[in-house]
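Visitor: Dropping the structure in here first, questions after.
The values are calculated or read from the model by the stated rules, or taken from the named source; none is laboratory data. Since we're looking at a predicted model, the values are computed, not measured. Here Cβ is always computed from backbone atoms with ideal geometry, including for glycine, and neighbour counts include all displayed protein chains. Just so you know, the surface numbers come from the protein's heavy atoms only, side chains and all, with ligands and any DNA or RNA stripped out. Shrake-Rupley method; radii C 1.70, N 1.55, O 1.52, S 1.80 Å.
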Amino acid sequence: MPVSAWLTEGIGWPAPFYFFGMVGVTWGFFWYWLAFEKPATHPTISAREQQYIEESLGKQRFKQPTFSTTPWRAFATSMPVWAIVVANIARSWTFYLLIISQPQYFKEVFEYDIAKSGTISALPHLVMAIIVPFGGQLADYFRKNKIMSTTTVRKLFNCGGFGMEAIFLMVTAFSRDTRVAITSLTIAVGFSGFAISGK
């Protein structure tokens, strides 16, 4: 977001779209050039490294599912699948509404032009970007050390993350102080990172 603000101010509003589009295309080229399906197909892997990776993975006895062998009916009738779908639709709606409306909200309620301050605009998402890997490590720690089951970890992180996000978004909505609003918004988006990392 800070880069977008600088590009928009210096060049014009289309600049971020072109810039990040080119970054994505460049990333794609490097990905296709450097990523391989299996260690055995990588051209520069050593025999020792390949053996280590394949032995640590163990023998995999399952076949890759195809469209016809995928249990679509079981997916469509699974309550946990529908719970995940509903939770993610609700979360995505909130997230994209936040991205679209954040500058307008701060301008109308606080007369604060947050769009001109790219760093402040990016702060909630920067915090989330830090929390997601940390939350993933924490979730793995709970599972690996048998402190919680996978199901419990997912329920705790999803419900806790989304629940705390909702509480702090309410604080943001009812706040009448710019600093309190920005802080609670940052905390809210940060908690949503726990919901993402707990999956």
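Visitor: Rg/Rh for the stretch 1-119: what does it come to with C-alpha atoms and Rh from Kirkwood?
Guide: Reported Rg/Rh, Kirkwood definition of Rh: 1.15.
Visitor: Under 8 Å for C-alpha pairs, at least 6 residues apart: give me the relative contact order for the stretch 1-150, rounded to a whole percent.
Guide: Once normalised by length, the contact order is 29 percent.
Visitor: Considering the chain, what Rg and Dmax in Å follow from its alpha-carbon atoms?
Guide: Gyration radius and largest Cα-Cα distance of the chain: 21.8, 63 Å.
Visitor: Protein chains only, probe 1.4 Å: how do Met148, Met170, Met79, Met128 rank by accessible area, largest first?
Guide: Met79, Met170, Met148, Met128
Visitor: Quickly work out the Ala47-to-Glu9 label distance, labels modelled 7 Å from Cα along the C-beta direction, and quote it in nm with one decimal.
Guide: 5.9
Visitor: Same structure again: Among Tyr105, Tyr52, Tyr18, which one moves the most in a GNM of the chain with springs linking Cα atoms closer than 10 Å?
Guide: Among Tyr105, Tyr52, Tyr18, the largest mean-square fluctuation in the Gaussian network model of the chain belongs to Tyr52.
Visitor: Any chance you could count the Lys pairs in the chain whose alpha carbons are under 16 Å apart, treating pairs 8 or more apart or on different chains as valid?
Guide: Close lysine pairs under the 16 Å cut-off: 6.
Visitor: Additional query: If I build a Gaussian network model for the chain, linking alpha-carbon pairs within less than 10 angstrom, which residue out of Ile89, Ile53, Ile167 has the largest mean-square fluctuation?
Guide: Largest GNM mean-square fluctuation: Ile53.
Visitor: Could you state the angle between the C-alpha long axis of helix 178-197 and the longest principal axis of the C-alpha atoms of the chain, as a value from 0 to 90 degrees rounded to the nearest 10?
Guide: Tilt of helix 178-197: around 10 degrees.
Visitor: In nm, what is the difference between 0.36 nm times the number of residues separating Trp82 and Phe110 and their Cα-Cα distance?
Guide: That pair, Trp82 and Phe110, stretches by 6.2 nm at full extension.
Visitor: Also, quick follow-up: In nm, what is the difference between 0.36 nm times the number of residues separating Leu34 and Leu126 and their Cα-Cα distance?
Guide: So the chain would gain 30.4 nm between Leu34 and Leu126.
Visitor: For an R0 of 30 angstrom, estimate the FRET efficiency from the Cβ-Cβ distance between Asp177 and Ser92 and round to the nearest 0.05.
Guide: 0.55
Visitor: OK, next. Please give the calculated 222 nm ellipticity per residue for the chain, where each DSSP H segment of at least 4 residues contributes -39500 (n - 2.57) and the sum is spread over every residue; nearest 500 deg cm²/dmol?
Guide: So the calculated ellipticity at 222 nm is -25500 deg cm²/dmol.
Visitor: Here is a follow-up. Expressed as an acute angle from 0 to 90° and rounded to the nearest 10, what is the orientation of the C-alpha long axis of helix 47-57 relative to the principal long axis of the chain?
Guide: That helix lies at roughly 80 degrees to the long axis.
Visitor: Ok, one more. Pick from Phe157, Phe75, Phe95 the residue whose mean-square fluctuation is largest in a GNM of the chain, springs joining Cα atoms under 10 Å.
Guide: Top of the fluctuation ranking is Phe75.
Visitor: While we're here: How tilted is helix 118-144 with respect to the longest principal axis of the chain? Cα atoms for both, answer in degrees (0 to 90, nearest 10).
Guide: 30
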